[in-house]
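Q: Supplied in C-alpha cells, the structure appears directly below.
The values are calculated or read from the model by the stated rules, or taken from the named source; none is laboratory data. Computed from a predicted structure; not experimentally measured. Note: ideal-geometry Cβ built from the backbone for every residue, glycine included; neighbour counts use all protein chains shown.
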C-alpha cells in the first residue's frame, strides 16, 4: 500500500514539476508548483516526518505561493514583455541539464538504499526528536541564524527607507 | 570565538545606533571594536587550547584565527577607506550593521566544523551584500547588480545544499571530522552519489569565489554596485570564501583528492586564462579589477588543488596580499571617480603630476597584483606556484606563469596612464588626512608583505 502511494506521489511530483517549467502561463506554473509541494509533503508523511510536512505546506504552499501569485498578478506578465531566449542558449541549457540528470541517475542507480548510514530511528522526524536535536546539538546554528534574520531585516529597512538625496 | 562575539555584538550595536541616537560615535566605536576583535584573536592565538565549541560546530584553531584576524584587519582598512561614502548615505547605521553582519558570516566560514555552519556562514556573508549591491535605489545598474547577484547566488547555494544532502546520504553526518573518518574507514566503497555531492559543492563554492565558468555575475555586479561595496566584495568576501573552501576540502575530502583535483585544475586553468585575457580589453578600471579578481581566484585554486602542508600558508599570504593591494586600488579609484565621475582607465591620466602619493600607491598596488618584486603579490604568487610544483602540477604552473605575464600588460595600463600620459587638467588633487593615512598604511603593508613573507607563511605551517 505504502509503495503504491509512494509511486503515485512521485509520479504526481515529477509530472507537475515538469508542467511548472513547460506551461506558458505563469499562473498555471504557480498552481502546478503548489501540487508539487503537496506531493513532496506527502513523501515527508510517508517518511514519518509529520512536522516537516506541516511546515512545508504552511511555509511553501501557503506563504511563499501567495507571494508568488501576488507578484505575478501585480506584474501582469504579457507574452510580448518576456525576453525571448536565443536558440543557442536553449540548446546549451538543455544539454547542461541533460548531463546533470544523467550524472544523478547514474550516481543513484546502483545504490542499495539499505546500506545507507543515514538510516536512523524512524522517530527522527517527529516534532519531539526534532526539538531535542535543535536545542542541544544544533543550538549554535539555531542561534547564529538569528544573525541572518537580523541582517535580512536591516536590509529590508535599508531598501524601504526614502532617500533624502539621490546619491 | 570571542572575535565572532565581538563582531556580532558590534553589528547589533550599529543597528541600534539610530534609535539610541549615537550615530556620531558609531565610526570610532566600530574601528575600536574591530581592533578589540583582532586583539581577542591574537590573545587566543597565544593560548592554544583549541576545543571545538557547541558540539563541533566551530573550531577556532590557528587556521581559523589567522583568517579571522586578517578579515578584521581588511575590514578595518575598508572602514577607513569608506568613511566618505558612508557619510553621504542616508542609512548610515544600516550600512554599518550590514557590513558587520557580513563580516561575522565570514568569520563563521573560517572556523566551521559542520556543514550546517558552512551553509549559514555563506548565507550570512552574502545576504547583506545582495542588499548593499542595490543600495543606490535610483541607479539602474545598481539594481541590476543586486538582482543578478541575488538570483544567481540563491541558485548556487541551491547546488551547495544539494551537494551537502548527497554527502549526508553517503556518510550519515554533517560533521567534517566524522565524514572524513567515514571515508577513511570505507576506502573505495563510497557510493557514486557521494562524488556527485562533491561535484555540486564545488559548483556552489566556485560561484562564491567567482571562478570561471561560474563567473558570469562578477563583472556586472562589480561594476553596478557602489564602488565601496565592490571593494568589500572583492576583498573580504574573497578571503572568507577561500578560507571556507580550503577548510572544507582539506579536512573533509582530502582522502578522495583524486576524484576532484582534475576538476579544480580545469576550473583554475579557465579562470586564469579567461580572467586575464578578457581583462585586457576592458576600458573601465572597475571592470578590469573584476576580471582580475576572477584570474586571482584561478591562482588560489592552484593551492587548493595541490593540497599539502604549505597550502594553508600560501592561501593566507595570497589573499592578504591581494586584499591589501585591492583596497589601495579602490581607494585611488574612489578619489579619481569623485573628480571625473567615471571609472575609465583614461581618468588616471597624469595622476603623478596632480598628486604623487595617489600615483605612487596605485603603482605599488598594481605591481603587487601583477606579481612583480619586491611587492607582496610577487611572493604570494611565488609561494602558490611553489606549492603547486611540490604537488607535481608542472603544466598548471606553466599555464599560470603565462597567464600572469598576460596580466602584467593590463595592470601596467593604469601605471602608464598615471605617470606618462598628459593630464586633461593640471589642478592638484587634495587628499584628506584619513585618505593619506590609509594609502600610506596599505602601501607600506604591501611592501612589508613582500619584504617579510616568511613571517606570515610561518604562522600557518
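Q: Taking the criterion of being within 21 Å of residue B:226 (Cα to Cα), facing chain A (nearest Cβ under 10 Å) and assigned to a helix (DSSP H, G or I), would at least one residue in the range B:106-118 satisfy it?
A: No, because not a single residue in the range B:106-118 is within 21 Å of residue B:226 (Cα to Cα), facing chain A (nearest Cβ under 10 Å) and assigned to a helix (DSSP H, G or I).
Q: Let me ask something else. Scan the range A:126-154 for residues that are at the interface with chain B (Cβ under 7 Å from one of its Cβ atoms) and either assigned to a helix (DSSP H, G or I) or touching a strand residue (DSSP E or B) at 6+ places or on another chain (Cβ under 6 Å) (or both) and jot them down.
A: Those that are at the interface with chain B (Cβ under 7 Å from one of its Cβ atoms) and either assigned to a helix (DSSP H, G or I) or touching a strand residue (DSSP E or B) at 6+ places or on another chain (Cβ under 6 Å) (or both): A:139, A:140, A:141, A:144, A:145, A:147, A:148, A:150, A:151, A:152, A:154.
Q: Collect the residues in the range A:96-120 that are within 14 Å of another protein chain (Cβ to nearest Cβ), surrounded by 10 or more Cβ atoms within 10 Å (Cβ to Cβ) and modelled with pLDDT of 85 or more, keeping them in residue-number order.
A: Residues satisfying the conditions are A:96, A:97, A:99, A:100, A:101, A:102, A:103, A:104, A:106.
Q: Here are the criteria: (1) in contact with a helix residue (DSSP H, G or I) (Cβ under 6 Å, 6 or more places away or on another chain); (2) surrounded by fewer than 24 Cβ atoms within 10 Å (Cβ to Cβ); (3) more than 24 Å from residue B:283 (Cα to Cα); (4) away from chain A (no Cβ under 14 Å). Tell me which single one residue B:243 does not satisfy.
A: The failed condition is (2).
Q: Pick from B:140, B:103: which is under 24 Å from residue B:58 (Cα atoms) and more than 8 Å from chain A (Cβ to nearest Cβ)?
A: Matching residue, one of B:140, B:103: B:103.
Q: Kindly provide the set of residues from the range B:128-149 that are closer than 21 Å to residue B:208 by Cα and assigned to a loop (DSSP other than H, G, I, E, B), ordered by number.
A: Once the filter is applied, which keeps residues that are closer than 21 Å to residue B:208 by Cα and assigned to a loop (DSSP other than H, G, I, E, B), the range B:128-149 yields B:134, B:135.
Q: All but one of (1) surrounded by fewer than 24 Cβ atoms within 10 Å (Cβ to Cβ); (2) touching a residue at least 60 places away in the same chain (Cβ under 8 Å); (3) assigned to a helix (DSSP H, G or I) hold for residue B:257; state the number of the condition that does not hold.
A: Here residue B:257 clears every test but (2).
Q: Tell me yes or no: at least one residue of the range B:185-196 is within 24 Å of residue B:246 (Cβ to Cβ), touching a residue at least 40 places away in the same chain (Cβ under 8 Å), buried (at least 17 other Cβ atoms within 10 Å of the Cβ) and away from chain A (no Cβ under 14 Å).
A: no
Q: Identify, from the list B:153, B:134, B:163, the residue that is crowded, with 18+ Cβ neighbours inside 10 Å, touching a helix residue (DSSP H, G or I) at 6+ places or on another chain (Cβ under 9 Å) and either facing chain A (nearest Cβ under 8 Å) or on the phi > 0 side of the Ramachandran plot (or both).
A: B:134
Q: Checking residue B:200 against (1) without any contact (Cβ under 8 Å) to a residue 12 or more places away in the chain; (2) closer than 15 Å to residue B:159 by Cβ, only one condition comes out false. Which one?
A: Failing condition for residue B:200: (1).
Q: Within the range B:168-177, track down each residue that is in a helix (DSSP H, G or I) and facing another protein chain (nearest Cβ under 10 Å).
A: Those that are in a helix (DSSP H, G or I) and facing another protein chain (nearest Cβ under 10 Å): B:168, B:169, B:170, B:171.
Q: Going by the structure shown, is residue B:181 surrounded by 19 or more Cβ atoms within 10 Å (Cβ to Cβ) and either part of a helix (DSSP H, G or I) or more than 12 Å from chain A (Cβ to nearest Cβ) (or both)?
A: In short, no.
Q: Select from the range B:197-215 the residues that are within 18 Å of residue B:279 (Cα to Cα) and either assigned to a helix (DSSP H, G or I) or away from chain A (no Cβ under 12 Å) (or both) and write down the one among them that is nearest to the chain's Cα centre (by Cα).
A: Only one residue tops the list, namely B:209.
Q: Taking the range A:1-34, which residues are surrounded by 14 or more Cβ atoms within 10 Å (Cβ to Cβ) and more than 21 Å from residue A:45 (Cβ to Cβ)?
A: A:19, A:20, A:23, A:26, A:29, A:30, A:31
Q: Residue B:121 fails exactly one of the following numbered conditions: (1) within 25 Å of residue B:435 (Cβ to Cβ); (2) within 11 Å of another protein chain (Cβ to nearest Cβ); (3) buried (at least 24 other Cβ atoms within 10 Å of the Cβ). What is the number of that condition?
A: Exception for residue B:121: condition (1).
Q: Right, here's the next one. When only residues in the range B:53-67 that are part of a loop (DSSP other than H, G, I, E, B) and within 11 Å of chain A (Cβ to nearest Cβ) count, which is surrounded by the most Cβ atoms within 10 Å (Cβ to Cβ)?
A: B:57
Q: Considering only the range B:17-50, state which residues are within 14 Å of chain A (Cβ to nearest Cβ) and without any contact (Cβ under 8 Å) to a residue 12 or more places away in the chain.
A: Hit for the range B:17-50 is B:19, nothing else.
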